[in-house]
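The values are calculated or read from the model by the stated rules, or taken from the named source; none is laboratory data. The structure displayed is predicted, hence computed values, not measured ones. As a convention, Cβ positions derive from the backbone with ideal geometry for all residues, glycine included, and neighbour counts pool all protein chains shown.
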Amino acid sequence: MYSVQEIVAAAKAFADPTRVRILAALRAGELCVCELCDALQVPQSTLSTHLQVIRDSGLVQTRKEGKWIYYALDDHKSALTNPIFKFFSAELLKDKTIAGDQSRLRSRLSCREEGECCVGFKSPSKQKTRHL
């Protein structure tokens, strides 16, 4: 069972469109910060602010691998997140922003080597890359 504080923290995580987009992207599996930035087309500073709220909610777990930090939905909190996504699934399937995120995410994940991020952040021109 979840405490009132855990429920409120989860509600805060879902109370912003960008955080919903982040959580929806993480349903595809573990992602690094640069993959999230590129897929959602948000600056790293904006993403970090939202990820802090999501981390505080306990809905995600993190791991560091070299220069990259990976985020994944916490399996122990899936009883909170899965019903929310299921309840709103019809609306989310029609949402053009989330559909664009998913399309960019699929493209971005195709750049991985051996299942790991190796590109870093892509520049807006997509000609240069920079690492964390």
Return yes when I54 is at negative phi and part of a strand (DSSP E or B) and no when it is not.
-> no
Tally the residues that are assigned to a helix (DSSP H, G or I), surrounded by 10 or more Cβ atoms within 10 Å (Cβ to Cβ) and either touching a Cys at 6+ places or on another chain (Cβ under 7 Å) or acidic (D, E) (or both), restricting the search to region 74-101.
-> 1
I54 being in contact (Cβ under 8 Å) with a residue 24 or more places away in the chain, within 16 Å of the chain's Cα centre (by Cα), more than 16 Å from A13 (Cα to Cα) and surrounded by 13 or more Cβ atoms within 10 Å (Cβ to Cβ) = no
Every residue from region 53-93 that is of a type in the set (K, R) and over 17 Å from V33 (Cα atoms) = K77, K86
Of the residues in region 57-73, how many are at negative phi, surrounded by fewer than 17 Cβ atoms within 10 Å (Cβ to Cβ) and not in a strand (DSSP E or B)?
-> 1
Residue that is at pLDDT 95 or above and surrounded by 12 or more Cβ atoms within 10 Å (Cβ to Cβ), where the choices are R108, R104 = R104
